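Take this structure first; my questions come after.
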Amino acid sequence: MAHAYTPGLRVTARTKLRKTRRLPLTGDVIVEVGDQVKADDIVARTELPGAVTPLNIVNRLGIVAEDAPHCMTKEIGEKVEMNEVIAESSSFFGLFTSTAKAPVDGTIESVSDVTGQVIIRQAPVPVELKAYVDGKVVDILENEGVVLETNCAFIQGIFGIGGETNGEIAVVVNAPERTLTGTMIKDSHAGKIIIGGDMVTLGAIQKAKKAGVKGIVAGGIDDTDLKELLGYDIGVAITGSEDIPLSIVITEGFGKIAMANRTFQLLRQHEGKKASINGATQIRAGVIRPEVIITQDISDESEATEDIVAGSMSVGTQIRAIREPYFGHIGTVTELPSELVALPTEAKVRTLKAKFENGEEVTIPRANVEIIEKD
């Protein structure tokens, strides 16, 4: 029997979505309200301060710290190049001269007459903020970023890795129960978002990396493959910043789990169209889900379709625990108490009683479980 983990995850064929795009530091917004932008367009830019490199000239010149400012041959604020002399001193009536050279390219930021340290600031690092999705600018966040609006099909996954990217959708398998393997990936998939079925194998991911695939969407992934891919156990941390050349969105869970048929059909319906995906995931407070956004005609004002989500929870609903100490356990709801229950932290929350597949019966906060939908 196939199981799809889609608790409250949005799967909608058409919706109007707003995305806030914000710089890490204040900077310049280079678009205006009403502008139509593409996913790869730059909407704002700024510069991160360059790295600081200290240089102690006291030891190099054989001087005391209070003389350091007087020995400088470069002024504060002046640019210098690597190995350029920035300070010097003379001794024995000028017979001997000692020099201090810049260890890096940069700008003299300060000279201390207490420590004798010269601080050289390297060049700032430019940061450009892309739109991420095709859409229209509907608001400007002064010196910070923009708010974009787009009409799209929208799919949330349950777990992912890798950051924002975009490409054309290519459905590689012919059914949601088919496993995405390395032999299915061709050179023609370069630059695309490929769609698998119940699982993506490590071999498929490695082949996709070599082929230049931008992203993978599949029902499940083996956690041991994930560990081998990344070189470490990812646990339940925030994801999205992994050092990998593609992004992965898992729609159902860990292991071999057929992609929900309606999710698969929605993706197949849009094969050949452009999609933006983001594998960033945060399970704890401030939940962030990986996502697939398939932009549609942004000038089309037709009504959004109803979101497809899992049904409400009731006795008999299958659930999966998403937090410790029962993380990953699957069970069935046996009772839904209406009264609040005090936790050891003194917080009062709604709970449920469930029976796990191993026969264990537990009482856990409702916020610690996800509903499992059966297809």
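Hey, got the dipole for region 48-93? About the Cα centre, +1 on K and R Cβ, -1 on D and E Cβ, debye to the nearest 20?
120
Please give the FRET efficiency for GLU142 paired with ASP297, using the beta carbon to beta carbon distance and R0 = 25 Å, rounded to the nearest 0.05.
Result of the calculation: an efficiency of 0.25.
Which listed residue (ILE76, VAL33, VAL114) has the Cα farthest towards the positive end of the charge dipole for region 1-125, taking +1 on Lys and Arg C-beta and -1 on Asp and Glu C-beta about the Cα centre?
My answer, from the dipole projection, is VAL33.
Now for a different question. In Å², what does the accessible area per residue of the chain work out to with a 1.4 Å probe?
I get 50 Å² per residue for the chain.
Rounded to whole Å and sorted largest first, what semi-axes of the equivalent ellipsoid does the C-alpha gyration tensor of region 107-198 yield via the square root of 5 times each eigenvalue?
The three semi-axes for region 107-198 are 45, 22, 12 Å.
Something else about it: Starting from a Cα-only point model with no solvent, please compute log10 I(q)/I(0) by Debye for region 72-126 at q = 0.15, 0.18, 0.26, 0.29 1/Å.
Taking Cα atoms of region 72-126 as identical point scatterers yields -0.45, -0.62, -1.03, -1.15.
Let me ask another. What are the semi-axes of the equivalent ellipsoid of region 216-266, taken as the square roots of 5 times the eigenvalues of the Cα gyration tensor, listed largest first and rounded to whole Å?
After diagonalising the Cα gyration tensor, the semi-axes are 22, 12, 9 Å.
Can you give the percent of C-alpha pairs in region 28-176 whose distance is more than 23 Å?
More than 23 Å apart: 60 percent of the Cα pairs in region 28-176.
By how many degrees, 0 to 90 and rounded to 10, does the Cα axis of helix 202-211 deviate from the longest principal axis of the chain?
50
Report, in whole Å, the centroid distance computed from the Cα atoms of region 72-108 and region 247-279.
Between the Cα centre of region 72-108 and that of region 247-279, the gap is 59 Å.
What's the magnitude of the charge dipole for region 99-207 around its Cα centre, counting Lys and Arg as +1 and Asp and Glu as -1 at the beta-carbon? Answer in Debye, nearest 20.
With only Lys, Arg, Asp and Glu charged at Cβ, the dipole is about 540 debye.
In a Debye calculation with equal point scatterers on the alpha-carbon sites of region 176-295 and no solvent, what is log10 I(q)/I(0) at q = 0.11, 0.20 Å⁻¹?
Normalising to I(0) and taking log10 leaves -0.33, -1.19.
While we're looking at this one, here's another question. When a/c is below 1.5 the answer is rounded, else prolate if a/b is larger than b/c, else oblate, so apply that to region 313-354 with a ≥ b ≥ c taken from the square roots of the Cα gyration tensor eigenvalues.
Oblate, since a/c reaches 1.5 and b/c is not below a/b.
A further question follows. Using a 1.4 angstrom probe with every protein chain in place, what is the largest-first accessible-area order of HIS270, HIS70?
HIS70, HIS270
For ARG268 and ASP233 in the same chain, what is the full-extension length gain: residue separation times 0.36 nm, less their Cα-Cα distance, in nm?
Full-extension gain reported as 9.4 nm.
Could you compute Rg(Cα) / (2.2 N^0.38 Å) for region 105-264, with N its residue count?
Output field value: 1.39.
Between ASP223 and SER188, what length in nm is gained on full extension when 0.36 nm per residue of separation is reduced by their alpha carbon distance?
Gain in length upon complete extension: 9.8 nm.
Students often check this: by mean Cβ neighbours within 10 Å, which of 187-199, 157-169, 330-342, 139-151 ranks highest, and how do the rest follow?
Averaged packing, sorted descending, gives the order 157-169, 187-199, 139-151, 330-342.
Can you find, among GLY157, ILE244, GLY50, the residue sitting farthest towards the positive end of the charge dipole of the chain, where Lys and Arg contribute +1 and Asp and Glu -1 at Cβ?
Towards the positive end, the residue furthest out is GLY157.
Give me the percent of the accessible area of the chain that comes from carbon and sulfur atoms, probe 1.4 Å, all protein chains in place.
That fraction is 49 percent.
Extending each Cα 7 Å along its Cβ direction at ILE30 and GLU66, get the distance between those two points in nm, one decimal.
About 5.1 nm separates the two model spin labels.
Okay, next question. Could you check what % of the DSSP bridge pairs in the chain are antiparallel, to the nearest 5?
That works out to approximately 85 percent antiparallel.
Say each of GLU361 and LYS210 gets a label point 7 Å from the Cα, pointing the same way as Cα to Cβ; how far apart are those two points in nm?
Output for this residue pair reads 5.4 nm.
Volume per residue, Å³, of the convex hull around the alpha-carbon atoms of the chain?
In the chain, the Cα convex hull volume per residue is 209 Å³.
Amide H of ASN143 versus every other amide H placed in the peptide plane: which residues, excluding those fewer than 5 positions away on the same chain, fall under 5 Å?
It is VAL29, by chain and number.
State the answer as a single residue: which of THR351, VAL146, GLN296 lies farthest towards the positive end of the charge dipole of the chain, with beta carbon charges of +1 for Lys and Arg and -1 for Asp and Glu, about the Cα centre.
Of the candidates, THR351 comes out farthest on the positive side.
Is there a quick way to get the dipole size of region 201-261? I mean about its Cα centre, with the Cβ of Lys and Arg at +1 and of Asp and Glu at -1; what is the value in debye to the nearest 20?
Once rounded to the nearest 20, the dipole reads 320 debye.
Right, something else. Note down the Stokes-Einstein diffusion coefficient of region 1-108 in µm²/s, whole number, using a Kirkwood radius over alpha carbon pairs, 4 °C, and 1.567 mPa s.
The Stokes-Einstein estimate is 65 µm²/s.
Once you place label points 7 Å from the Cα toward the Cβ at LYS79 and ARG45, how far apart are they in nm?
Taking the simple label geometry, LYS79 and ARG45 are separated by 1.6 nm.
Please report, for the Cα atoms of region 100-140, the Rg to one decimal and the Dmax as a whole number; what are they, in angstrom?
In order Rg, Dmax, the Cα atoms of region 100-140 give 19.7, 55 Å.
Once ligands and nucleic acids are excluded and a 1.4 Å probe is used, how much of LYS227 is accessible, expressed in Å² to the nearest 10?
LYS227 has an accessible surface of roughly 110 Å² with all protein chains in place.
The values are calculated or read from the model by the stated rules, or taken from the named source; none is laboratory data. Owing to the predicted nature of the structure, the values given are computational and were not obtained by experimental measurement. A quick note on method: Cβ atoms are made from the backbone with ideal geometry, for glycine too, and the neighbour counts reach across all protein chains shown. Please note that ligands, DNA and RNA were not included when accessible areas were found on the heavy atoms of the full protein model with its side chains. Shrake-Rupley method; radii C 1.70, N 1.55, O 1.52, S 1.80 Å.
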